[in-house]
Amino acid sequence: MSIPLSSTPGADPRVRFCPAPSGWLHVGSVRAALYNVLHARHHGGTFVFRIEDTDATRATEDSMRSMMEALHWIGLDWDEGPEPGGSSRGPYGPYRQSERKALYAEVAARLEASGATYRDYRTSEELEAWREQQRAGTGEGPPVVKASTFEHTTEEIERFAAEGRTASLRLRTPESGSITVTDLVRGDVTWDWSQISDPVIQRSDGSATYPLANSVDDLAQGITIICRGEDLLSVTPRQVRLHELLLADGLLDEALAAVGFPARDPSWGAPSAFAHLPMVVGMDRKKLSKRHGSVSIQEFRRQGFLPATLRNYLSLLGWAPKDGRERLDDADLIAEFDLSAVGRSAAAFDVDKLTAFNGERIRELPADELTELLLPYLDGTEGEEALIEQPITDGQRAIVSGLVPLIQERMQRLDEVERYAPAFLQDEVELDEDSVAKVFTKKGAPEAIEATIELLADVEWTIEAIEAGLRELPEELGIGFGKVAQPVRVAATGSSVSPPLFESLELLGRETSIARLKAALPVARAAQPDTD
RNA sequence: GGCCCCGUCGUCUAGCUGGCCUAGGACGCUGCCCUCUCAAGGCAGAAACGGGAGUUCAAAUCUCCUCGGGGCUACCA
């Protein structure tokens, strides 16, 4: 199960998700990806997946692979984007920025030729020193880089060039006036150009930076709505400026043609709107990090969260359908999702609620489907140790299939099967210390176990018969049923907490059940309080 | 410091064209019921409009101020 691909490839609206491949994909990013997908599906549009690996020092191949894997696992497949094999799908590729360098260089050259940029020969160290000074208040104001104060004189340029220094390329942004951007979730947002630094669009080593690559690609790939995290809100003005420049006089179209990249659709303009999603934060309202437990998607997978649960829960982090329902399947999400209904305040990621949602969905699963989902947690794929063979034997499958109905309604995560299964898949069971101390020390425990051994020896081996037999014991022994059930439970399963007793015994089988009761008997006797 | 964004139960949120709100739902929490343990399920309950001024017959809903939180302030994205 996952959200379907576009039935009308290439159609409007065209949205994109474009992570930088460093580290793992985390829930905030996935939420952004989800909203993009939902918007696309709701309107019958196209979801583009792009890898923003312009910074060679940070991007890694491993990270890229894991992000693609994570996105696929969680059910967010893309209509256009890179393919696992190294190829790509879609007519406006390539979709990895590291494969689009020629385009950026071409665009940068044309931008420079048009006078939209200027060279900056300052080194990172010099820039940093300048900022320090500005912030310390000894300078003339906040550290805003503007051509009016930053552009070198002709003599300086000649001198630096003679010295062999290389320059970065900065975009010339307006020195005054303001810009207003329409945001689907925040309304109109206005900035004064005087407060906005001229961004570096090309590093001194000739590579493109995010501002350039991102703007070029959004236009080259016909993105209509830019929906991303709020952390990118303040970067929007320069991006809009770049969009204007790139579209003016067909600059981008000519560059595309010059380097042999796919031409843009003639109907495409600049993105018509932005949508800045509220941040996803931890329960302490701080930025999500390892401290908050799981943040990477593969971690959720390992713990046994269902992709559908994640999609459902994440959709509600910043948005709610009109009718207030919380249990939403993909069809509901696609039908009801609305970007303009997204909230404005940061949302805290609540694992407890996610977990509750997951338990709810696990309970709804057909037993055989759940069984299949559980196997990876038993054969060593996801879990720590392997309790079953891979592939599973018929006998083991029978046990797991028998166990599933017993544990289905008490599980919230798939990995919890690792807690219940050992008692049923291993010959011997280790008696839990606390359970022994709590249950075997009660008066009558050994007697209950003894009587049960006798009973199980020749009772008909069905759940009903076992239950009927056990229910008669308390009367004979003159105690309550709990006084019998608990010792037997501990003896048979090793713990005072287990699936229902009669069903558990039945599943264990007559021989194993009796063997365990016999083995536990001396332990129970030893645990009895002294009666002398 | 500067610019920008945000502010309803612990958390996600409904409400925000002002009265139907004694502020609704969900997770979590507490109690009770059910019960062979643990769950599941059922029922009940505690729990919020950051603060202050206005406007108005009436404000969670409009205005202003204030406080608080966050983002950006990189030749990262």
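Give all pairs with beta carbons closer than 6 Å in which a residue from segment A:513-527 that is among the aliphatic types (A, V, I, L, M) meets a residue that is surrounded by fewer than 16 Cβ atoms within 10 Å (Cβ to Cβ); count only pairs at least 6 apart in sequence or on separate chains.
That search, which allows pairs on different chains as well, returns A:Ala527/A:Thr441.
Condition test on A:Arg228, is it outside any helix (DSSP H, G or I) and either near RNA strand B (Cβ under 10 Å from one of its atoms) or of a type in the set (Asp, Glu) (or both)?
In short, yes.
Please count how many residues of segment A:285-316 are modelled with pLDDT under 95 and touching a strand residue (DSSP E or B) at 6+ places or on another chain (Cβ under 8 Å).
Residues that pass the stated criteria total 6.
From the list A:Ala56, A:Ala102, A:Ala40, which one is among the small types (Gly, Ala, Ser) and within 12 Å of RNA strand B (Cβ to nearest atom)?
Residue meeting the stated conditions: A:Ala56.
For the structure I just gave you, tell me whether A:Thr60 is touching a residue at least 40 places away in the same chain (Cβ under 8 Å) and out of contact with any Cys (no Cβ under 9 Å at 6 or more places or on another chain).
Criteria not met by A:Thr60.
Of the residues that make up segment A:293-306, is at least one closer than 24 Å to A:Met64 by Cα, among the aliphatic types (A, V, I, L, M) and touching a His at 6+ places or on another chain (Cβ under 6 Å)?
Checked segment A:293-306: at least one residue is closer than 24 Å to A:Met64 by Cα, among the aliphatic types (A, V, I, L, M) and touching a His at 6+ places or on another chain (Cβ under 6 Å).
Conditions: (1) of a type outside the set (Val, Ile, Thr); (2) in contact (Cβ under 8 Å) with a residue 24 or more places away in the chain; (3) open to solvent by less than 40 Å² (accessible area, probe 1.4 Å). A:Leu431 meets all but one. Number of the miss?
(3)
In segment A:424-446, how many are among the aliphatic types (A, V, I, L, M) and closer than 21 Å to A:Leu470 by Cα?
Number satisfying all stated conditions: 3.
On the given criteria, is A:Glu69 over 30 Å from A:Pro307 (Cα atoms) and assigned to a helix (DSSP H, G or I)?
no
May I ask you to say which residue of A:Leu375, A:Leu387 is more than 21 Å from A:Gly28 (Cα to Cα) and either in contact with a Ser or Thr (Cβ under 9 Å, 6 or more places away or on another chain) or of a type in the set (S, T, N, Q) (or both)?
None of the other options fit; the residue is A:Leu375.
Only one of A:Asp120, A:Asp53 is in contact (Cβ under 8 Å) with a residue 24 or more places away in the chain, within 37 Å of the chain's Cα centre (by Cα) and crowded, with 20+ Cβ neighbours inside 10 Å; which?
Residue meeting the stated conditions: A:Asp53.
Just to verify a result, which residue in segment A:325-368, among those that are under 18 Å from the mean Cα position of the chain (by Cα) and among the small types (Gly, Ala, Ser), is nearest to A:Pro278 (Cα to Cα)?
Step by step, filter segment A:325-368, then rank; the result is A:Ala346.
Take segment A:94-107 and flag every residue that is in contact with a Ser or Thr (Cβ under 6 Å, 6 or more places away or on another chain) and either open to solvent by 60 Å² or more (accessible area, probe 1.4 Å) or outside any helix (DSSP H, G or I) (or both).
Those that are in contact with a Ser or Thr (Cβ under 6 Å, 6 or more places away or on another chain) and either open to solvent by 60 Å² or more (accessible area, probe 1.4 Å) or outside any helix (DSSP H, G or I) (or both): A:Pro94, A:Tyr95.
When A:Pro405 is evaluated against the numbered criteria (1) in contact with a Gly (Cβ under 9 Å, 6 or more places away or on another chain); (2) outside the structural domain of A:Leu76 (by TED's automatic domain parsing); (3) at pLDDT 95 or above, which criterion, by number, is the only one it fails?
In the conditions (1) in contact with a Gly (Cβ under 9 Å, 6 or more places away or on another chain); (2) outside the structural domain of A:Leu76 (by TED's automatic domain parsing); (3) at pLDDT 95 or above, A:Pro405 misses (1) alone.
Could you list, in sequence order, all residues of segment A:189-216 that are in contact (Cβ under 8 Å) with a residue 60 or more places away in the chain and more than 10 Å from RNA strand B (Cβ to nearest atom)?
Residue satisfying the conditions is A:Val216 alone.
Being in contact with a His (Cβ under 8 Å, 6 or more places away or on another chain) and over 28 Å from A:Gly260 (Cβ atoms) is true for just one of A:Asp120, A:Asp77. Which residue is that?
None of the other options fit; the residue is A:Asp120.
Which of the residues belonging to segment A:152-168 are away from RNA strand B (no atom under 14 Å from the Cβ) and of a type in the set (D, E, K, R)?
Scanning segment A:152-168 gives A:Glu155, A:Glu158, A:Arg159.
Do you know which residues across segment A:474-500 are surrounded by 20 or more Cβ atoms within 10 Å (Cβ to Cβ) and within 19 Å of A:Asp458 (Cβ to Cβ)?
Result: A:Val484, A:Val488, A:Ala491, A:Ala492.
Which one of these does A:Gly318 not meet: (1) crowded, with 18+ Cβ neighbours inside 10 Å; (2) within 6 Å of RNA strand B (Cβ to nearest atom); (3) more than 20 Å from the chain's Cα centre (by Cα)?
(3)
Of the residues A:Leu251, A:Leu277, only one is surrounded by fewer than 21 Cβ atoms within 10 Å (Cβ to Cβ) and in contact (Cβ under 8 Å) with a residue 60 or more places away in the chain; which?
Residue meeting the stated conditions: A:Leu251.
Being among the aromatic types (Phe, Trp, Tyr), under 20 Å from A:Tyr210 (Cα atoms) and modelled with pLDDT of 95 or more, is that true of even one residue in segment A:21-28?
For segment A:21-28, residues among the aromatic types (Phe, Trp, Tyr), under 20 Å from A:Tyr210 (Cα atoms) and modelled with pLDDT of 95 or more: absent.
Can you say whether A:Pro266 is more than 17 Å from A:Ile51 (Cα to Cα), in contact with a Phe, Trp or Tyr (Cβ under 7 Å, 6 or more places away or on another chain), away from RNA strand B (no atom under 16 Å from the Cβ) and open to solvent by 20 Å² or more (accessible area, probe 1.4 Å), as far as the supplied structure shows?
Against the criterion (more than 17 Å from A:Ile51 (Cα to Cα), in contact with a Phe, Trp or Tyr (Cβ under 7 Å, 6 or more places away or on another chain), away from RNA strand B (no atom under 16 Å from the Cβ) and open to solvent by 20 Å² or more (accessible area, probe 1.4 Å)), A:Pro266 does not qualify.
Residue under question is A:Gly494, and the condition is that it be out of contact with any Lys or Arg (no Cβ under 6 Å at 6 or more places or on another chain), of a type outside the set (S, T, N, Q) and farther than 16 Å from A:Ala445 by Cβ; does it hold?
Spelling it out, it is not the case that A:Gly494 is out of contact with any Lys or Arg (no Cβ under 6 Å at 6 or more places or on another chain), of a type outside the set (S, T, N, Q) and farther than 16 Å from A:Ala445 by Cβ.
The values are calculated or read from the model by the stated rules, or taken from the named source; none is laboratory data. What you are looking at is a predicted structure, and each value in this text was computed from that prediction instead of being measured. Reconstructed Cβ throughout: ideal geometry from the backbone, glycine too, with neighbour counts over all protein chains shown. Note: accessible area is taken over every heavy atom of the protein model, side chains too, but ligands, DNA and RNA are not part of it. Shrake-Rupley method; radii C 1.70, N 1.55, O 1.52, S 1.80 Å.
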